[in-house]
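A.B. asks: Sharing a structure with you now.
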């Protein structure tokens, strides 16, 4: 019959070659780039952001001591003002290290975040970022007049640094201009270093650039802070 003949002809055509070929290809925004997800993103992100809250608070405490006359009384002691400031900043730096260490341990044991296979790499990143955060805190304190101004400026600065630096979301998923902007921020380099350790499992040699850039930021911020800070 005509129907059987039509089906037979269609089967012959189909057997000769499929009329439609479907190909699938997985596309990523950055081919070859591992994008951190879940706690691997949020754990270092929160560490980077909340470390700044601590160091900015430490910087604001210097203004409180200045307004209350504590710094003035310390200046009558047989030591110069640089020694006093160094002691204050060392305390802020060590406090930030303790806080970041607690957050690393919380991320590892509470959320199963692997903070890399090289303890030296993690230590170098924590030291470099702690130094940079401390220096940034004292710089902001030196550029304002009152503790209230330091608190307001600090909160705004931290929110901007965290969001633009990739602490709130993977920097790999944002537009290219934001990825480029993150390289001008200490938080951007901190997240690059921590992701290299956590997501890519790199060692100290692979993150020397990030550590060096953070140290450079720290030296710059500290120089401005020490230059502009008023003891009275």
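A.B. asks: Would you pick out the residues in the stretch 207-219 that are touching a residue at least 60 places away in the same chain (Cβ under 8 Å) and surrounded by 15 or more Cβ atoms within 10 Å (Cβ to Cβ)?
C.D. replies: 207, 210, 211, 214, 215, 217, 218
A.B. asks: Also: Which of the residues that make up the stretch 62-97 are under 30 Å from residue 44 (Cα atoms) and touching a helix residue (DSSP H, G or I) at 6+ places or on another chain (Cβ under 8 Å)? Reasoning before the result, please.
C.D. replies: Start the filter on the stretch 62-97 by keeping residues that are under 30 Å from residue 44 (Cα atoms), which leaves 62-63, 85-97.
If the condition is that a residue be under 30 Å from residue 44 (Cα atoms) and touching a helix residue (DSSP H, G or I) at 6+ places or on another chain (Cβ under 8 Å), then 62, 63, 85, 88, 89, 91, 92, 93, 95, 96, 97 are the ones that fit.
A.B. asks: When you look at residue 220, is it closer than 20 Å to residue 51 by Cα and modelled with pLDDT of 95 or more, yes or no?
C.D. replies: Answer is yes for this residue.
Okay, residues lined up against (1) free of Cβ contacts under 8 Å to residues at least 60 places away in the same chain; (2) under 17 Å from residue 44 (Cβ atoms); (3) surrounded by 13 or more Cβ atoms within 10 Å (Cβ to Cβ):
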{"position": "149", "(1), (2), (3)": "yes, no, yes"}
{"position": "158", "(1), (2), (3)": "no, yes, yes"}
{"position": "187", "(1), (2), (3)": "no, yes, yes"}
{"position": "193", "(1), (2), (3)": "no, yes, yes"}
{"position": "199", "(1), (2), (3)": "no, yes, yes"}
{"position": "205", "(1), (2), (3)": "yes, no, no"}
{"position": "227", "(1), (2), (3)": "no, no, no"}
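A.B. asks: Does residue 153 satisfy being closer than 23 Å to residue 108 by Cα and either assigned to a helix (DSSP H, G or I) or in contact (Cβ under 8 Å) with a residue 24 or more places away in the chain (or both)?
C.D. replies: It is false that residue 153 is closer than 23 Å to residue 108 by Cα and either assigned to a helix (DSSP H, G or I) or in contact (Cβ under 8 Å) with a residue 24 or more places away in the chain (or both).
A.B. asks: If you don't mind, there's one more thing I want to ask. Name the one entry in 152, 135 that is closer than 26 Å to residue 94 by Cβ and modelled with pLDDT of 90 or more. Please lay out each step first, then the result.
C.D. replies: Numbers: 152 fails: closer than 26 Å to residue 94 by Cβ.
Result of the check over 152, 135: 135.
A.B. asks: Here is a check on your reading of the model: is residue 130 crowded, with 19+ Cβ neighbours inside 10 Å, over 25 Å from residue 152 (Cα atoms) and in contact with a helix residue (DSSP H, G or I) (Cβ under 7 Å, 6 or more places away or on another chain)? Give the derivation first.
C.D. replies: On the way: crowded, with 19+ Cβ neighbours inside 10 Å: yes; over 25 Å from residue 152 (Cα atoms): no; in contact with a helix residue (DSSP H, G or I) (Cβ under 7 Å, 6 or more places away or on another chain): yes.
It is false that residue 130 is crowded, with 19+ Cβ neighbours inside 10 Å, over 25 Å from residue 152 (Cα atoms) and in contact with a helix residue (DSSP H, G or I) (Cβ under 7 Å, 6 or more places away or on another chain).
A.B. asks: While we're on this one: Find the residue count for the stretch 164-181, including only residues that are in a helix (DSSP H, G or I) and either in contact with a helix residue (DSSP H, G or I) (Cβ under 8 Å, 6 or more places away or on another chain) or under 16 Å from residue 195 (Cα atoms) (or both).
C.D. replies: The qualifying residues number 8.
A.B. asks: Starting from the stretch 108-120, take each residue that is in a helix (DSSP H, G or I) and list its partners that are exposed (fewer than 12 other Cβ atoms within 10 Å of the Cβ), counting only C-beta distances under 9 angstrom and pairs at least six apart or across chains.
C.D. replies: 111/38
A.B. asks: Would you confirm whether or not the stretch 131-147 contains a residue that is touching a residue at least 60 places away in the same chain (Cβ under 8 Å), in a loop (DSSP other than H, G, I, E, B) and either under 17 Å from the mean Cα position of the chain (by Cα) or over 23 Å from residue 226 (Cβ atoms) (or both)?
C.D. replies: Among the residues of the stretch 131-147, not one is touching a residue at least 60 places away in the same chain (Cβ under 8 Å), in a loop (DSSP other than H, G, I, E, B) and either under 17 Å from the mean Cα position of the chain (by Cα) or over 23 Å from residue 226 (Cβ atoms) (or both), which makes the answer no.
A.B. asks: Out of the residues in the stretch 191-232 that are under 26 Å from residue 170 (Cα atoms) and outside any helix (DSSP H, G or I), state the one that is nearest to the chain's Cα centre (by Cα).
C.D. replies: Only one residue fits best here, namely 199.
A.B. asks: If you go through the stretch 91-105 one residue at a time, do you hit one that is surrounded by fewer than 19 Cβ atoms within 10 Å (Cβ to Cβ), modelled with pLDDT under 90, part of a helix (DSSP H, G or I) and over 21 Å from the mean Cα position of the chain (by Cα)?
C.D. replies: No, every residue in the stretch 91-105 fails to be surrounded by fewer than 19 Cβ atoms within 10 Å (Cβ to Cβ), modelled with pLDDT under 90, part of a helix (DSSP H, G or I) and over 21 Å from the mean Cα position of the chain (by Cα).
A.B. asks: Right, here's the next one. If you check residue 164 against the conditions, is it buried (at least 16 other Cβ atoms within 10 Å of the Cβ), closer than 22 Å to residue 67 by Cβ and at pLDDT 90 or above?
C.D. replies: Criteria not met by residue 164.
A.B. asks: Failed condition for residue 87, given (1) under 25 Å from residue 158 (Cα atoms); (2) modelled with pLDDT under 95; (3) under 18 Å from the mean Cα position of the chain (by Cα), with all others met?
C.D. replies: (3)
The values are calculated or read from the model by the stated rules, or taken from the named source; none is laboratory data. Worth saying up front: this structure is predicted, and the values here are computed from it rather than measured. Every residue, glycine among them, receives a Cβ derived from its backbone with ideal geometry; neighbour counts consider all protein chains shown.
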